[in-house]
Amino acid sequence: MEKTRNRYEAATVEELRDANRLIVTVKGMEIGLFAVGGQFYAWRNICPHAGAPVCQGPVCGTRLPSLVYEYKYGKDQEIVRCPWHGWEFDLLTGQHLVDEKVKLRGYKVEVEDGLIYVLI
């Protein structure tokens, strides 16, 4: 049986597209809203490592697996890097880039009539 989720208005589509990232408060929790490749994502603004405001870190890309002495950059604008210790998380999945057991807490997002809702 699926839990009933409550839907909370968080931002407008226009606001998020203009900013690419917003930090909003929903039910007393800080949530980072991100616009990535035309899709919207919501992540709790707490790093699982040390409780840092992870969603306030730089949004960037990262090094991809490559041969020795070869540098491949990818996933541009799809990675958020924790501002305290540099842990990197995939904005599309919430996964930590090194330890697959570590993940950001995510929330479903719905869009209706130009408004973005977070389901908690």
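The values are calculated or read from the model by the stated rules, or taken from the named source; none is laboratory data. Because the structure is a prediction, the values reported are computed rather than measured. Cβ placement follows ideal geometry from the backbone for every residue including glycine, while neighbour counts extend to all protein chains displayed. Note: accessible area is taken over every heavy atom of the protein model, side chains too, but ligands, DNA and RNA are not part of it. Shrake-Rupley method; radii C 1.70, N 1.55, O 1.52, S 1.80 Å.
Of everything in the stretch 81-108 that is small (Gly, Ala, Ser) and assigned to a loop (DSSP other than H, G, I, E, B), the residue that is least open to solvent (accessible area, probe 1.4 Å) is Gly94. Glu78 meets all of the listed conditions (1) open to solvent by 30 Å² or more (accessible area, probe 1.4 Å); (2) free of Cβ contacts under 8 Å to residues at least 40 places away in the same chain but one, namely (2).
Each residue in the stretch 66-97 was checked for being hydrophobic (A, V, I, L, M, F, W, C), over 15 Å from Ala50 (Cα atoms) and touching a strand residue (DSSP E or B) at 6+ places or on another chain (Cβ under 8 Å), and 5 pass.
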